[in-house]
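Everything on this sheet refers to the single structure shown next.
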Amino acid sequence: MPDLAFTRLAGDENSAHLLVVGPSLGTGVAGLWQSTAQAIPDGWEVVGWDIPGHGASAPTTAAYSIDDLADSVRNRAAQLAAGRPAGYAGVSLGGAVGFTLALDPGPFAGIATIAAGPVFGTPDAWRERAAFVRDAGTSSMVEGSAGRWFAPGFLERDGATGNALLLALREVDDESYALACEALAQYDVRDRLGNVAVPLLVVAGEHDVVISPDIAREAAQAASHAGRDGARSAVLDGVAHLPPAEDPGATADLLVSFLGTEGDR
């Protein structure tokens, strides 16, 4: 399994609930999630994990799968939860891990996927991106990511947040980023959604051009007969592909409403 770094973003081990959060490809979990973690009420310990070569996680040259990431997150979360109610929320690639965890949740009583679907694009497109980044580096992804990540006008309204995330993308290890692309090339759980084992919330940003609200609704409908209460979708207004950075308050409110209810059951 990949060796992932886990970072506490809010609360402590004495908090009543545990929330584990996961990042998008190209972001560090602290930069993406810190403002949302601070907006979550007392009573929650929020712990984030980083993709290899991103944020606090060491680079890797070893191939891995989304299932491998899910195994690492599940195992560490079981240690962190120590019997407490636990929930998971992940963005984009972190959301792909969320869909995978929903099939075998371990300690998680509820899972939210954000800006994620049961499949992303095509395998060929991901392999082409991996080859491109190996040749040109992660700095070559900044301009395109700026257009995909944020809703229109966000960089003008909050340039500090947006530019910090784009700067962090430049610092991601090239090979680690390419290996993450290849993991996404292999990822496809569309035919397994009926096996979702816990309540699932599929969240999309209103302006997301990667995972549209329609994709989120279709994924939730496909899993709607699974779990204790099935699955549902939600749309966050005014945001695109990185809601925890774009609207921390709305993201925190949505997660606490959903995961707090599930964790108390």
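Every read-out reported here was derived from the displayed coordinates using simple, explicitly stated rules and does not represent laboratory data. This is a predicted model, so every value here is computed, not measured. Ideal geometry is used to build each Cβ from the backbone, glycine not excepted, and the neighbour counts take in all protein chains shown.
The table below lists the values:
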{"quantity": "Global geometry of region 120-239, whether rounded, prolate or oblate, following the gyration tensor of its Cα atoms and the 1.5 cut on a/c", "calculated": "oblate"}
{"quantity": "The chain, Cα convex hull volume normalised per residue, Å³", "calculated": "102"}
{"quantity": "With Cα atoms, 0 to 90° folded angle of helix 159-170 axis to the chain main axis", "calculated": "70"}
{"quantity": "Anisotropy class of region 1-145 from Cα gyration tensor, a/c 1.5 cut", "calculated": "prolate"}
{"quantity": "Residue 5-residue 62 pseudo-label distance in nm [points 7 Å out on the Cα-to-Cβ vector]", "calculated": "1.8"}
{"quantity": "Protection proxy ranking, peptides 42-51, 166-175, average beta carbon neighbours within 10 Å, highest first", "calculated": "42-51, 166-175"}
{"quantity": "By average C-beta atoms within 10 angstrom, highest first, the peptides 156-164, 209-217, 108-116", "calculated": "108-116, 209-217, 156-164"}
{"quantity": "At 0.692 mPa s and 37 °C, Stokes diffusion of region 126-183 via Kirkwood alpha-carbon radius, µm² per second", "calculated": "276"}
{"quantity": "FRET efficiency for residue 15 and residue 125, using Cβ-Cβ distance with R0 set to 25 Å, rounded to 0.05", "calculated": "0.05"}
